[in-house]
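Notes follow the structure.
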Amino acid sequence: MSPIRSASIAVLASAVLATTLTGCGIGEEPQDTSPIVIAADLELSGASAPIGKVYQRALELKKDELNASGALGGRKIELRIKDNRSDAAESLRNINDFSGDSQVSAVIMGGCNECAVGAARTINDKRIPTIALAAAGAVTEPVDQRRYVFKLAPNAVDSAAALTTELTRRGIRKVAVLHSADGYGQEGLTALRREFDKTTVRLVAAESVRPTDTEVSTQIDELTDRKPQALILWTPPEQATLAATTARQDKFDGSLFFDASAAGDLFLGPSARSTEQATLIFTQTMVIDDVIATTPAKAARRQWFQDYTARWGGYNGFSSFAADAIQLIADAEQRAGGKAGEINRDALRDLLETAQLDGLSGPIRMTPDNHSGLMPQALTTLVARGGRWRLAG
């Protein structure tokens, strides 16, 4: 055999061996092992730090589970998390930094309504797909000015409708409302008024509380002086439990109703006595251990509940929204295709806009006309019983 022919065979053998080792046949595209980089702008310090840390824990757990599952092929999710200090200006700086990072596919924002609304124009201008976990309608509306912004959180109109249905079922006609003095709180009050107008329920008083307030006795006194049959607390969890405790100390013996924004930990801790028999409108995943897992989606929610509880020693209802946000982005990345390592944010946005997922939070449907994906059917009625939330009925 000639030296040239021998050398050629050696080169060919090396090429075949290399192809075998990389797991690719001749002419096939190499497996994409590029990371899926998701940035997160969260409230890890400041007034909203408790919920920001819940989201951080949920993102880390979901990332680990997806990476271990092999569902992403050779790819892995990487998180780049920045603290916005519960400040809209800091949040905007984070968004600018993330949008300028060519490795970042998409952004997840925390529960700060002002942060998400304040960054909406920049997100649109920078064309970076963003899923916010904030509840205010202005996060995604008007849609033509929020083309790159999506949200996963209970909607005020859906929560108001569910609360009104429960009030009517129980024959309650006189209601007072304590609401947060931000966009979501005002949106909630408007939605409640609209729903009450369809029924015999009458709003006898409404008071607002700033998100940073640690004293609500003046507002509670004003509300309970009107002798309502029920008090609706449309505030963050800490203020809702504080308001419930204050109302009971003021000898208010009517019913307590919590909007979805007032949800928090599964176990009620020191506030258990004051909130006993209170009603909460929230997603079923909060109490999935009360539910028989008759479908794959319910089984997945139960597993998430167990995994989160095992890792972090307790369960917070809002964790599932962060997990679903990662899932939506990962699914869109897988469907977007393209060359290995190539990031196409426009394609990702287009896929998110038509995303459908039977998620950990419940059914999620995005459309070109509606970027707020959580369906009304995701909400159910819970009741505080024995120091924790339970499924009503």
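The values are calculated or read from the model by the stated rules, or taken from the named source; none is laboratory data. Keep in mind it's a predicted model, so treat the numbers as computed, not measured. We place every Cβ from the backbone using ideal geometry, glycine too, and count neighbours over all the protein chains shown. Heads up: the accessible areas ignore ligands, DNA and RNA and are worked out on the full protein's heavy atoms, side chains in. Shrake-Rupley method; radii C 1.70, N 1.55, O 1.52, S 1.80 Å.
Just to verify a number: FRET efficiency for ASP213 and ASP369, C-beta to C-beta distance, R0 = 41 Å, to 0.05? E(calc), rounded to 0.05, equals 0.65.
Partners of LYS82 within straight-line reach, counting aspartates and glutamates whose Cα lies under 14 Å from its Cα and excluding those fewer than 8 residues away in the same chain: ASP41, GLU43, GLU60, GLU90, ASP97, ASP101.
Take the Cα of ASP144, step 7 Å toward its Cβ, do the same at TRP312, and the gap between the two points is 3.9 nm. From helices alone, the chain scores -13500 deg cm²/dmol at 222 nm; the rule is -39500 (n - 2.57) for each run of n ≥ 4 DSSP H residues, then divide by the residue total. Which net charge results when you count Lys and Arg as +1 and Asp and Glu as -1 among the other residues whose beta-carbon is under 13 Å from that of PRO142? For residues surrounding PRO142, the net value is 0. For the chain, with all protein chains in place and a probe radius of 1.4 Å, 50% of the accessible heavy-atom surface sits on carbon or sulfur.
Accessible area per residue, 1.4 Å probe, Å², for the chain: what's the number?
Working: 17560 Å² over 393 residues.
It amounts to 45 Å² per residue over the chain.
The protection proxy used here, the mean number of other Cβ atoms lying within 10 Å of each residue, ranks peptides 358-371, 283-296 as follows, highest first: 358-371, 283-296. Lysines within cross-link reach of LYS251: Cα-Cα under 16 Å, excluding same-chain residues under 8 positions apart? Filter leaves LYS227. Angle of helix 49-69 to the longest C-alpha principal axis of the chain, folded into 0 to 90 degrees and rounded to 10: 30°.
With K and R counted +1 and D and E -1, the other residues having a Cβ less than 9 Å from that of ALA355 yield a net charge of -1.
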